Structure formats: structure tokens, C-alpha cells
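Remarks on the structure that follows.
The values are calculated or read from the model by the stated rules, or taken from the named source; none is laboratory data. None of the values given here were measured: they were computed from a predicted structure. Don't worry about glycine lacking a Cβ; one is built from the backbone with ideal geometry, like all the others, and counts go over all protein chains shown.
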Amino acid sequence: MLNVGWLGLEMGFQGGLRGSAPDAGYEVVRAASRRVSNKMMGYHACDFCGDLDAASGNGEYRYYSSSGETFVAPELLLHYMEVHRYSPPDAFLEALGGGSELAWDWRAERLSAILRDEVEDPEIRWNAIFDIANWKDARAVEALRVAATDPILLDNAGFEIGESLGMVLGADAVGELGGDVAAGEILRGIESVQEKTG
């Protein structure tokens, strides 16, 4: 994973500054910033604002490019870009700007294996639930179905499993899954995605 946008007073302000208005780069990053994952306890306030109420975050965005790179950025990335005019590296913006759907690759295969592995660390499996939704592929659906049968994951991440299934399957997620999977918290997660996408 390549880190982007981890800014702070101690580390300085790496990267460039852009004009005062949000630009095309901002729109590309905003569109690609679909879900915050790897959430932590507590919040990190923007060092530049100095006020927890002004802007804070407690997770990461992960970006998977069609060329094979994976980037990770703090939840505050969009705030840094919009308010403080931060401009991420061109390589990051170019990787996100491809816009093509991801082909199933070694990254998706690894996430699928993590979801299927009952002895893998639950936190790692929880993050895989978020990340596998980047691939619109039947293998992603199958891995999420397996995750939905694990009592620990279902109890702690049923809603997130539903969100991921909704993102992969789209509008007819409930019809494709059937009532045995699309129930309870999973159904609520699917419905949440459907409400957001209209």
C-alpha cells in the first residue's frame, strides 16, 4: 500500500497546493472515496484547524487502481484538499482517474481468501469486508456469502457485509441473494446502499 495525504504539523505539508476552488482532482478523489474503513477508537482532529469540531476522522480510505496499485489515505484527505488546498501526488490522481472497473486480480484473491479463513484475525477479516466491494465480481459475492455464515463476523459486521453486497450487486441485491442471506443487519446494510444510490 502506498500512503497519501498523511499530513500534520510535525510532518509538514508534503505535496503541492492547488487553486482556491475544488478542481477536477478533488472531484476524482471525492468520487473514489466511497467508504471509510479501518476505523480506530477516538478521533484525530485536523492539525491545521486545531479544533475537533472543525474536522476530525478516525479511519482510512483505500483506493484500488486498475493498474494494480493500492493507496491508503486518512479520512481527512478530502478536508485537506477542500479546506487547506492540499494536492495529492499526480501518480495518485492518475491512478484514480482511470475510471475502469477492476478486473479480478491477486488483491481480490487475497481478500477473498481472508474472508474465507475462519482463523484469520477478525479485524483483518472485517477490513476485507470493506475492500472486496471494489470488485464487481461473482467471486466477491461468494466470499461475502461465506463471511455472512461466520457468527463472529455476522454479529460484529453484518451491516457492513450487507453494504458490500449492495455495492457489488447493485439494485437487485436482495433478489439475487434470497431471504436466507439478505436478512437482519445484512438486509439493513443492503438497503442503506440502495437509499444512497437512489
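Observations on the structure shown:
- Top-ranked residue in the stretch 26-38 [being of a type in the set (Lys, Arg) and surrounded by 15 or more Cβ atoms within 10 Å (Cβ to Cβ); ranked as farthest from the chain's Cα centre (by Cα)]: 34
- Matching residues in the stretch 121-140 - criterion: being surrounded by 20 or more Cβ atoms within 10 Å (Cβ to Cβ) and of a type in the set (A, V, I, L, M): 128, 129, 132, 133, 140
- Residue within the stretch 160-167 that is among the small types (Gly, Ala, Ser), surrounded by 15 or more Cβ atoms within 10 Å (Cβ to Cβ) and not in a helix (DSSP H, G or I) present: no
- Residue in the stretch 90-109 that is of a type in the set (Asp, Glu) and touching a strand residue (DSSP E or B) at 6+ places or on another chain (Cβ under 7 Å) present: no
- Considered as a group, the residues in the stretch 1-56 that are of a type in the set (A, V, I, L, M) and over 30 Å from residue 135 (Cα atoms) include one that is modelled with the lowest pLDDT, and that residue is 21.
- One residue stands out among those in the stretch 76-97 that are surrounded by fewer than 22 Cβ atoms within 10 Å (Cβ to Cβ) and assigned to a loop (DSSP other than H, G, I, E, B): the one that is modelled with the lowest pLDDT, which is 97.
- Taken over the stretch 103-125, the criterion of being within 23 Å of residue 59 (Cα to Cα) and outside any helix (DSSP H, G or I) is satisfied by 120, 121.
- Condition met for residue 188 (part of a helix (DSSP H, G or I), of a type in the set (D, E, K, R), at pLDDT 95 or above and not assigned by TED's automatic domain parsing to the domain that holds residue 63): no
- Hits in the stretch 126-160 (condition: of a type in the set (Val, Ile, Thr) and closer than 23 Å to residue 106 by Cβ): 129, 132, 141, 146
- Residue 71 falls short of the stated requirement of being of a type in the set (Phe, Trp, Tyr) and part of a loop (DSSP other than H, G, I, E, B).
- Test: residue in the stretch 178-185 that is surrounded by 22 or more Cβ atoms within 10 Å (Cβ to Cβ), at pLDDT 75 or above and in a helix (DSSP H, G or I): no
- Residue count for the stretch 52-92 satisfying the condition of being over 15 Å from the mean Cα position of the chain (by Cα) and within 16 Å of residue 7 (Cβ to Cβ): 15.
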